[in-house]
Amino acid sequence: MPPSILVTGGAGYVGSHTVATLLERDDNRYDIVVVDNLSNSYRSENEKKPEALRRIEDMTGSTIHFYANDIRDRAALNRIFENHEIECVIHFAALKAVGESVEKPLEYYQANITGTCTLLEVMREHGVTQLVYSSSCTVYGEPQKLPLDEGHPTGQGISSPYGRTKYFCEEIMKDLCASDQNWKVISLRYFNPVGAHGSGRIGEDPYGIPNNLMPFISQVAVGRLSELLVFGGDYPTADGSGVRDYIHVQDLADGHVRAIQLFQDPRFVGFQPINLGTGTGYSVLQMVAAFEAASGCKIPHRVVGRRAGDIATNYADVSLARQLLGWGASRTVIDMCRDTWKWQSENPNGYKN
Ligand SMILES: NC(=O)c1ccc[n+]([C@@H]2O[C@H](COP(=O)([O-])OP(=O)(O)OC[C@H]3O[C@@H](n4cnc5c(N)ncnc54)[C@H](O)[C@@H]3O)[C@@H](O)[C@H]2O)c1
């Protein structure tokens, strides 16, 4: 049996791009096994696999092993580990809507923390101790200084239960690594993933009204939404709108591949957080202008009040990623907008075409 990578939440946005990137590599030696409960990904009625994975199989000529299970289902996870020679896990599965997490904290703690603990326990039972974790720059809370580096304090002033689940999971993984030297955990702290696969065949397809900027802009562009609401026009930034470090999802996916390669280094042990961003911030209004330039579409937008919990500016210090992973983002804001537009214009209803 070839070695496998288990990808939890692999039918979702970042997960599907990472699966595609892994399978597109000439030197890929892994089978890909995905577990996803389809709570935020789409499978059409007559299909066994989610549409994103079906398309990746089509694009790469590879077979993806798919299990429609929840990561809290211990028996189902055990069966997956029994069926495959899992070498490492990339753990994307989580609920991720910041606003919803304020209204439903227990659901978020249950899915994200209990889910992660169950996964770690089953991994330990099967002697699998290498994990890449999807963390977030939200663990830094309100920035005390910019750019944010990995030494910045975490866990203070986090504004949502969602953000706290990411922080708590990191703490759990740190404790686990401290208790047993066999564990290798790389916690990738994403800044703001946007864009889509250059083919236009896979992309971000959120259920309901998007929480994030780029799917919102692109759904306005295709006429699914009438206008973009810009939350806050009075931040202390050049144009008053919030500034974020946007990173192309394909660059992010490459970062996961590099993280898995780091597991091969026998000197690497324990828990290691690493920022994945570009190191440059763009404002909401700059992103709107870039999208208009890349797509040729006008984006009607209106500046409204600030959204509770939002901060003015954040961007990453990415030197550690360069040093440890030999990784840096190569795609520009124009690439991000062009690829988002290709995906959305060719799939106006996302995967439900
Ligand atoms: N997209 C972002 O802006 C962003 C930023 C920082 C961190 N992250 C983290 O990256 C990861 C992936 O994010 P995404 O944008 O791809 O989200 P997504 O919702 O598109 O993907 C998550 C996938 O996990 C699945 N899932 C959710 N709960 C599950 C469970 N209990 N069991 C099995 N499957 C489950 C969903 O069906 C979905 O397919 C998440 O952990 C998220 O917190 C995302």
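The values are calculated or read from the model by the stated rules, or taken from the named source; none is laboratory data. Values in this document were obtained by computation on a predicted structure and should not be read as measured data. Using ideal geometry, Cβ is built from the backbone for each residue, glycine included, and neighbour counts are taken over all protein chains shown.
Of the helices (runs of 4 or more DSSP H) lying entirely inside segment 228-326, those carrying at least 3 residues that are over 30 Å from Val19 (Cβ atoms) are 284-295. Looking across segment 36-75, the residues that are β-branched (Val, Ile, Thr) and under 19 Å from Tyr351 (Cα atoms) come down to Ile56, Thr60, Ile64. Of the residues making up segment 87-112, those that are among the aromatic types (Phe, Trp, Tyr) and part of a strand (DSSP E or B) number 0. Looking for something closer than 30 Å to Lys352 by Cβ and within 12 Å of the ligand (Cβ to nearest atom) - is there at least one such residue anywhere in segment 172-188? So far as segment 172-188 goes, yes, one or more of its residues are closer than 30 Å to Lys352 by Cβ and within 12 Å of the ligand (Cβ to nearest atom).
Could you tell me whether any residue of segment 318-330 is buried (at least 17 other Cβ atoms within 10 Å of the Cβ) and either at pLDDT below 95 or touching a Cys at 6+ places or on another chain (Cβ under 7 Å) (or both)? The answer is no, given that none of the residues of segment 318-330 is buried (at least 17 other Cβ atoms within 10 Å of the Cβ) and either at pLDDT below 95 or touching a Cys at 6+ places or on another chain (Cβ under 7 Å) (or both). Scanning segment 113-147 for residues that are buried (at least 16 other Cβ atoms within 10 Å of the Cβ), touching a Lys or Arg at 6+ places or on another chain (Cβ under 7 Å) and either assigned to a helix (DSSP H, G or I) or among the acidic types (Asp, Glu) (or both) returns Gly115, Thr118, Val122, Cys137, Thr138, Val139.
Matching residues to (1) surrounded by fewer than 20 Cβ atoms within 10 Å (Cβ to Cβ); (2) of a type in the set (Ser, Thr, Tyr); (3) under 23 Å from His256 (Cβ atoms):
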{"position": "Asp149", "(1), (2), (3)": "yes, no, yes"}
{"position": "Ile158", "(1), (2), (3)": "no, no, no"}
{"position": "Pro161", "(1), (2), (3)": "no, no, no"}
{"position": "Arg164", "(1), (2), (3)": "no, no, no"}
{"position": "Glu171", "(1), (2), (3)": "yes, no, yes"}
{"position": "Asp175", "(1), (2), (3)": "yes, no, no"}
{"position": "Asp180", "(1), (2), (3)": "yes, no, no"}
{"position": "Val185", "(1), (2), (3)": "no, no, yes"}
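Can you tell me which residue within segment 144-171, out of those that are touching a residue at least 24 places away in the same chain (Cβ under 8 Å) and of a type in the set (A, V, I, L, M, F, W, C), is farthest from the ligand (Cβ to nearest atom)? The selected residue is Leu146.
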